[in-house]
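Q: Following this message is one structure expressed as structure tokens.
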Amino acid sequence: MDSVSLSEVTVMRRTHLGFMHSFRQPFSGVTISPKFCHSKGSRAMSSSVSSTKSQYVYGESLAATADSDYKMNGLTLKNRISSVKERFLLDAFDDEYGGVVVDHDKLPSNPNAFTSMLRNSLSDWRRKGKKGVWLKLPVEQSELVPVAVKEGFEYHHAEKGYVMLTYWIPEEEPCMLPGNASHQVGVGGFVLNQYKEVLVVQEKYCTSSNTGLWKLPTGFINESEEIFSGAVREVKEETGVDTDFLEVIAFRHAHNVAFEKSDLFFICMLKPLSDKISIDNLEIKAAKWMPLTEFVEQPMIKGDKMFKRVIEICEARLRHRYCGLSPHRLVSAFDGRPSSLYYNVVDDDDPSHSNCTAEFY
């Protein structure tokens, strides 16, 4: 029987030798024939197994024939080397930007197996000219995080159920992977009734300087939530008052706020649909309808130039001397999905088409 050539053995050793030392742990129970090994002599591999017998390498049936190279599940060994090697790579799919996204649902649970597969995968992706790598590790497999970091991955962001890591392969090119979200988005609801009373709250937890301050209901926009629906929700949660969204009056852009992130805060005008107040006892200490004139005379409000300007804008809107932005649902060709574009256009021929003429109450 002919032996496998030395060149074939060299290729096979490079493919599999790195995994031999960890077989007892991640691949326990796999039978490895002592005859399938390398030697120092010129005949690097041989076998005396007859055509009716078989050996097992990495769980694959390895059958010898008298007229061909070793057979592995019906294919010649040298043709199966690349196929077997793929079994020791992480499952991943290409993204639209020349990178790869690792399938987190098919990650190995054993850290030793993950280490070997990650290293082989990085070599394979580098050889194929891939660029960025996205690796999402669920919290249930957090023991794999230090392994990835040791291999050069960097933290991108974290949520309750996972941590996202990235790796930029081309050393000669600057990293082009987008950074984590840079902004948080908040809303404030300016709700005024027919008696020119504004809906205000006192927060249960606040800084000492804001103790006793009556302020607008505010909060953060949830993931995948619209600005207009978030404003309505926050007012309802804090005060129990139902409202209709009218328009965005103005927005503030600040930097280095929470967790050194930037902050977008949208002041929204809302029309009350009810007047009964029922506060959220977890966050809100008190809520009430306060005369607008009394509200703006509070020392903290009166001394804040930005908030004073906001109130001036709101009063101008009540007199139809200012017009805010209303959401319009449009579909963009970039992603084919509907989204909200906030704008307002006044029709010179028919001004009534503008929401600027709409009554606030």
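The values are calculated or read from the model by the stated rules, or taken from the named source; none is laboratory data. All figures in this text were calculated on a predicted structure; none of them were measured in a lab. When we count neighbours, we look across all protein chains shown, and the Cβ atoms used for this are built from the backbone with ideal geometry, even at glycine. Just the protein is used for accessible areas: all its heavy atoms, side chains included, with ligands, DNA and RNA removed. Shrake-Rupley method; radii C 1.70, N 1.55, O 1.52, S 1.80 Å.
Q: Return the FRET efficiency for the residue pair N110, A181: r is the Cβ-Cβ distance, R0 is 45 Å, and the value is rounded to the nearest 0.05.
A: Plugging the Cβ-Cβ distance into 1/(1 + (r/R0)^6) gives 0.85.
Q: Which whole-number percent gives the relative contact order of region 203-345, counting Cα pairs below 8 Å spaced six or more residues apart?
A: Rounded, it is 20 percent for region 203-345.
Q: Region 213-233 to region 278-295: how many Å between their Cα centroids?
A: 16
Q: Now, a different point. Could you check the simple spin-label distance between V101 and D275, using points 7 Å along Cα→Cβ, in nm with one decimal?
A: Spacing of the two 7 Å Cα→Cβ label points: 5.2 nm.
Q: Another question, then. Roughly to the nearest percent, how much of the accessible area of region 255-355 is carbon and sulfur, given a 1.4 Å probe?
A: With neighbouring chains kept in place, the figure for region 255-355 is 56 percent.
Q: Also, I was wondering about something else. Heads up, I need the accessible area for C323: 1.4 angstrom probe, whole protein in place, Å², nearest 10.
A: 40
Q: Further question: So the label point goes 7 Å from the Cα of E294 along Cα→C-beta, right? Which residues of region 180-224 then have their backbone N under 17 Å from it?
A: Of the residues in region 180-224, 191-203, 212-217 have backbone N under 17 Å from the label point off E294.
Q: With every protein chain left in place and a probe of 1.4 Å, what is the accessible surface of K302, to the nearest 10 Å²?
A: So the heavy atoms of K302 present about 120 Å² to solvent.
Q: Right, here's the next one. Sort M300, M290, M306 by accessible area with a 1.4 Å probe, largest first.
A: M306, M300, M290
Q: To continue, here is another question. Quick one: accessible surface of R126, probe radius 1.4 Å, all protein chains present, in square angstrom to the nearest 10.
A: Spelled out: R126, probe radius 1.4 Å, area about 110 Å².
Q: Leaving ligands, DNA and RNA out of it, rank S262, S182 by accessible area with a 1.4 Å probe, largest first.
A: From most accessible down to least: S182, S262.
Q: Taking loop as defined by DSSP and a crowding limit of 12 other beta carbons within 10 Å, which GluC sites (Glu not before Pro) in region 154-243 fit?
A: E171, E172, E223
Q: Work out, step by step, the length gained on full extension between Y342 and S123: first 0.36 nm times the residue separation, then minus their alpha carbon distance; give nm to one decimal.
A: Value of the extension gain: 74.1 nm.
Q: Give me the net charge of K196's neighbourhood, meaning all other residues with Cβ under 11 Å from the Cβ of K196; Lys, Arg count +1, Asp, Glu -1.
A: Here the charged neighbours net out to -3.
Q: Find the accessible area per residue for region 193-232; the probe is 1.4 Å, ligands and nucleic acids are left out, and the unit is Å².
A: 57
Q: Sorted by accessible area with a 1.4 angstrom probe, largest first, how do S123, S224 fall?
A: Accessible-area ranking of S123, S224, largest first: S224, S123.
Q: Per residue, what accessible area does region 253-335 have, given a 1.4 Å probe and all protein chains present, in Å²?
A: So region 253-335 comes to 67 Å² accessible per residue, rounded to a whole number.
Q: Still on this model: Which of the three applies to region 106-234, rounded, prolate or oblate, going by the alpha-carbon gyration tensor with a ≥ b ≥ c and a/c under 1.5 meaning rounded?
A: Cα axes put region 106-234 in the prolate bin.
Q: Ok, one more. I need the calculated FRET efficiency for the pair K204 and R329, taking r as the beta carbon distance and R₀ as 45 Å, to the nearest 0.05.
A: 0.80
Q: Another question, then. Describe numerically, in nm with one decimal, the distance between label points set 7 Å from Cα along Cα→Cβ at M306 and at E225.
A: Using points 7 Å along Cα→Cβ, the separation is 2.1 nm.
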